[in-house]
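Colleague: Provided herewith is a single structure, encoded as structure tokens, for subsequent inquiry.
The values are calculated or read from the model by the stated rules, or taken from the named source; none is laboratory data. Given the structure is predicted, the values throughout are model-derived calculations rather than measurements. Reconstructed Cβ throughout: ideal geometry from the backbone, glycine too, with neighbour counts over all protein chains shown. Each accessible area value is taken on the protein alone, full model and side chains, heavy atoms only, with ligands, DNA and RNA left out. Shrake-Rupley method; radii C 1.70, N 1.55, O 1.52, S 1.80 Å.
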Amino acid sequence: MQKIPEAFKNSQTCMCGIANMCVSCLRSRVDISEAIPKQVSVHFCRQCERYLQPPGTWLQCALESRELLALCLKKLKASMAKVRLIDAGFLWTEPHSKRIMMKLSIQKEVTSMVCFPQCLSSGCCVVSSCAARSLTHRPAV
């Protein structure tokens with residue numbers, strides 16, 4: 001049996017205290033994307049082919065356009081208040097799948113002078129709605 005030196009008996013390991021955690025242990029224990037939902041819903045009118053931008057504006061957006069990406073990111077905006085968005089883009093899905101998948105690159109400062117980047121995928125479920133039934137139907141400018 002090995003004898004443990006007296007200097008190491010009272011020292012903390014990287015899992016014992018946050019001040020002494022190394023970067024790899026921090027990365028394994030901290031998930032900076034936990035507050036971001038993996039799926040949100042977006043309303044789409046099949047008749048006029050527009051997406052609902054709350055509270056009541058209907059926007060014409062092509063698939064994988066900048067406008068549609070901005071609309072989907074606005075749905076995630078409240079949950080991304082504590083992280084910084086570095087990059088966002090679309091992931092390919094079948095056109096008839098009624099899903100819009102996005103790849104997000106985020107960054108958050110976990111401790112002083114330690115920023116973690118992380119990539120995650122989040123999706124939008126396209127829900128059919130009718131713009132003609134909406135009382136606040138206004139054409140997008």
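Colleague: On the basis of being farther than 28 Å from VAL23 by Cα, in contact with a His (Cβ under 7 Å, 6 or more places away or on another chain) and at pLDDT 90 or above, does TRP58 make the cut?
Modeller: yes
Colleague: When you check CYS48 against the structure, is it assigned to a helix (DSSP H, G or I), under 23 Å from CYS130 (Cβ atoms), in contact (Cβ under 8 Å) with a residue 40 or more places away in the chain and open to solvent by less than 70 Å² (accessible area, probe 1.4 Å), yes or no?
Modeller: Answer is no for this residue.
Colleague: While we're looking at this one, here's another question. Given the criterion touching a Gly at 6+ places or on another chain (Cβ under 6 Å) and free of Cβ contacts under 8 Å to residues at least 24 places away in the same chain, identify the matching residue among MET113, MET101.
Modeller: Testing whether each residue is touching a Gly at 6+ places or on another chain (Cβ under 6 Å) and free of Cβ contacts under 8 Å to residues at least 24 places away in the same chain leaves just MET101.
Colleague: Kindly provide the set of residues from segment 54-92 that are open to solvent by less than 70 Å² (accessible area, probe 1.4 Å), farther than 29 Å from ARG27 by Cβ and part of a loop (DSSP other than H, G, I, E, B), ordered by number.
Modeller: Residues satisfying the conditions are GLY56, CYS61, ALA62, SER65.
Colleague: Continuing with this model, one more query. Need pairs with beta-carbon distance below 9 Å; first residue in a loop (DSSP other than H, G, I, E, B) and within segment 16-36, second modelled with pLDDT under 80; sequence gap 6+ or separate chains.
Modeller: The qualifying pairs are MET21/CYS14; MET21/MET15; MET21/ARG29; MET21/THR111; CYS22/CYS14; VAL30/VAL110; ILE32/VAL110.
Colleague: Being of a type in the set (Ser, Thr, Tyr), in contact with a Lys or Arg (Cβ under 7 Å, 6 or more places away or on another chain) and in a strand (DSSP E or B) is the filter; apply it to segment 93-128 and report the residue that is least open to solvent (accessible area, probe 1.4 Å).
Modeller: SER122
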